[in-house]
Amino acid sequence: MAETSDSVQSPAKLRLDKWLWHARFFKTRGLSAKQVSGGHVRVNANKTLKPAHSVTAGDVLTFPQNDQIRVIKIVALGSRRGPAPEAQALYEDLTPPREPRAPEPARTGPRPTKKDRRDITAFKDSLEDER
């Protein structure tokens with residue numbers, strides 16, 4: 001039996017900005033569209049500037065979020081922007097784990113008082129006057 005074009009289904013697709021919003025990477029769809037149109041999102045290592053770019057399951061997205069670069073593999077396309085556990089089921093996080101930051105060195109001695117700060121400012125001003 002020969003297959004007709006009706007029985008062959010194309011893979012499901014969704015707009016990139018809408019998927020990013022469904023997966024809760026951005027708070028609003030407008031923010032996700034701005035990231036895409038700003039050239040900050042790559043789909044399968046190719047930069048895209050169109051928020052309407054179609055994505056399917058299996059695509060890999062690379063984009064900045066906060067102070068890190070996220071690498072995400074799309075597992076499923078969402079039909080709505082649901083709760084966080086539902087959104088987390090839409091992707092697999094391929095982002096390498098972050099290296100722990102070194103703690104800041106502890107302060108030695110007490111904080112300067114207001115008088116100390118005035119003296120420091122006066123000292124700096126006197127150095128500038130000498131130049």
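Name the single residue that is surrounded by the fewest Cβ atoms within 10 Å (Cβ to Cβ) among those in the stretch 64-94 being hydrophobic (A, V, I, L, M, F, W, C) and touching a Leu at 6+ places or on another chain (Cβ under 8 Å).
Only one residue tops the list, namely Val75.
Out of all the residues in the stretch 96-105, is one or more within 13 Å of Leu16 (Cβ to Cβ) and either part of a helix (DSSP H, G or I) or out of contact with any His (no Cβ under 8 Å at 6 or more places or on another chain) (or both)?
No: the stretch 96-105 contains no residue that is within 13 Å of Leu16 (Cβ to Cβ) and either part of a helix (DSSP H, G or I) or out of contact with any His (no Cβ under 8 Å at 6 or more places or on another chain) (or both).
Six or more apart or on different chains, Cβ under 6 Å: which pairs go from a residue in the stretch 51-74 that's closer than 19 Å to Ala87 by Cα to one that's of a type in the set (Lys, Arg) and outside any strand (DSSP E or B)? Could you list them?
Sorted first by the residue in the stretch 51-74, then by its partner, the pairs are Ser54/Lys13; Thr56/Lys13.
I need every pair where a residue in the stretch 23-47 that is touching a residue at least 60 places away in the same chain (Cβ under 8 Å) has its Cβ under 7 Å from the Cβ of a residue that is of a type in the set (A, V, I, L, M) and assigned to a loop (DSSP other than H, G, I, E, B), sequence separation at least 6 or different chains.
Pairs that qualify, where the first residue is touching a residue at least 60 places away in the same chain (Cβ under 8 Å) and the partner is of a type in the set (A, V, I, L, M) and assigned to a loop (DSSP other than H, G, I, E, B), are Ala23/Leu90.
In the stretch 95-131, which residues are closer than 20 Å to Arg24 by Cα and either surrounded by 10 or more Cβ atoms within 10 Å (Cβ to Cβ) or of a type in the set (Gly, Ala, Ser) (or both)?
Hit for the stretch 95-131 is Thr95, nothing else.
A short reminder: the numbers here are calculations on the coordinates, not readings from a lab. Keep in mind that this is a model prediction, so the values were computed, not measured. Cβ atoms come from the backbone with ideal geometry, glycine included; neighbour counts cover every protein chain shown.
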